[in-house]
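Below you'll find the structure, written out as structure tokens, and then a few comments.
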Amino acid sequence: MSEATSVRGMTPVTPTVAPNRVPFSKENALASGYEANPGTFPGHPLILPGLSEDDYITQQLDFSRIDDMANWLWFAGWPYTIRPLHRQKTMQREILITDNPQLHLVWRKSIIYIKPLPLFILDHAFFEKRISSSDSGLPSQTYGATLGFLLSYAKLIQCEADLGIAKGLGLLPNTCNITWEMWSRFARDVYENVPELGLEGRWRYGELQSLRINSVYRLRHLTLKRYLPWDKTYRTALNDYFGWLLVVFVYLTVVLTSMQVVLALSPQYVTEDFRRASFGFSVFCLVTCGAALLGIGFTSGGYLLWRLSKNYRKEMDLRQQREEFRRGNPLYSGI
């Protein structure tokens with residue numbers, strides 16, 4: 001929190017941690033071991049070839065894509081609003097785990113995505129050496145993103161029931177064996193040392209509605225693409241790009257039906273101007289519907305051809321790479 005009154009109504013406290021310092025004490029850290037073995041990585045994560053440890057840390061704490069829309073996120077969610085896990089359950093939301101930071105606390109329909117808490121940010125020595133240090137080599141925004149991420153968990157887990165839900169879903173590292181007493185001490189440190197009013201970017205907001213984020217992304221970048229294309233199929237693409245036409249057609253149908261009723265039931269009161277207007281509007285609706293159907297057909301066909309050509313070019317590139325690889329590695333020539 002900060003010296004200002006908290007949005008959630010908690011007692012205001014003065015931050016006891018200086019900028020770029022660990023937001024929890026060594027005594028209340030939930031993981032340890034890095035100080036005794038500085039050559040290891042807490043949790044021993046699978047770091048893919050081509051990635052350094054710094055790259056992995058940055059990847060796990062990279063909220064830059066959604067930070068880019070921070071000034072427009074008021075359209076997608078309330079400031080600092082993060083409901084605890086038991087409240088998510090009472091709202092009949094299904095909690096799905098995601099390793100993508102960009103999806104953390106994004107919800108759609110009855111689903112909310114939550115990124116598990118990595119073990120390495122719970123180790124005081126690792127946090128101090130590799131994240132909060134001024135010469136850590138990480139992007140400047142990583143430290144602030146880590147603070148916001150930790151505070152989001154302090155809000156998600158506010159009672160023992162929340163802790164049980166988090167453990168059952170795998171949101172917390174199993175190796176820590178976290179008890180409620182351990183978590184409450186850790187969360188209090190985070191609350192006291194991370195002033196939410198001082199957070200920037202995505203962390204000025206809590207839960208974000210996916211459909212509204214997609215709208216913000218399209219307006220921000222003037223594109224038809226979505227920010228969250230997790231279920232992108234031809235059907236969802238048509239719903240995205242042409243769903244509004246259905247609403248237009250419904251209103252046109254209501255107007256045409258009303259005109260037809262007037263013409264059929266009250267011919268003696270209908271003027272010639274009204275007949276002409278009805279005829280012109282009917283022709284306009286027919287032309288509009290026909291043009292829309294042709295547009296959808298051409299657009300869908302063009303998109304299909306573009307995807308197929310892109311897939312074909314990718315396949316040709318991969319075939320060439322495989323041939324070059326096998327020529328330089330005789331052991332793989334028969335595989």
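What the table shows:
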| read-out | value |
| --- | --- |
| Failed item, numbered, when residue 280 is tested on (1) within 30 Å of residue 256 (Cα to Cα); (2) under 42 Å from the mean Cα position of the chain (by Cα) | (2) |
| Within segment 151-233, helices (runs of 4 or more DSSP H) holding 1 or more residues that are out of contact with any Pro (no Cβ under 9 Å at 6 or more places or on another chain) and closer than 23 Å to residue 79 by Cβ | 180-193, 210-221 |
| Conditions (1) more than 27 Å from residue 225 (Cβ to Cβ); (2) among the polar types (S, T, N, Q); (3) at pLDDT 85 or above; number of the one not met by residue 260 | (3) |
| Residue satisfying condition, being in contact with a helix residue (DSSP H, G or I) (Cβ under 9 Å, 6 or more places away or on another chain) and basic (Lys, Arg), within set 89, 129 | 89 |
| Filtered residues of segment 225-247 (kept if over 19 Å from residue 293 (Cα atoms) and at pLDDT 65 or above) | 225, 226, 227, 228 |
| Where a residue in segment 32-45 is outside the structural domain of residue 177 (by TED's automatic domain parsing) and its partner, wherever it lies, is at pLDDT 90 or above and charged (D, E, K, R), with Cβ under 7 Å and at least six apart | 32/123; 33/123; 34/123; 41/53; 42/123 |
| Segment 286-335: number of residues that are under 25 Å from residue 246 (Cα atoms) and touching a helix residue (DSSP H, G or I) at 6+ places or on another chain (Cβ under 6 Å) | 2 |
| Residues located in segment 284-335, provided they are β-branched (Val, Ile, Thr) and surrounded by 10 or more Cβ atoms within 10 Å (Cβ to Cβ) | 287, 288, 296, 299 |
| Residue selected from segment 128-148 under the condition of a type outside the set (Gly, Ala, Ser) and not in a helix (DSSP H, G or I), by the criterion farthest from the chain's Cα centre (by Cα) | 135 |
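The values are calculated or read from the model by the stated rules, or taken from the named source; none is laboratory data. Bear in mind the structure is a predicted one, so any value in this text is a computation, not a measurement. Every residue, glycine as well, gets a Cβ built from its backbone with ideal geometry; the counts of neighbours run over all protein chains shown.
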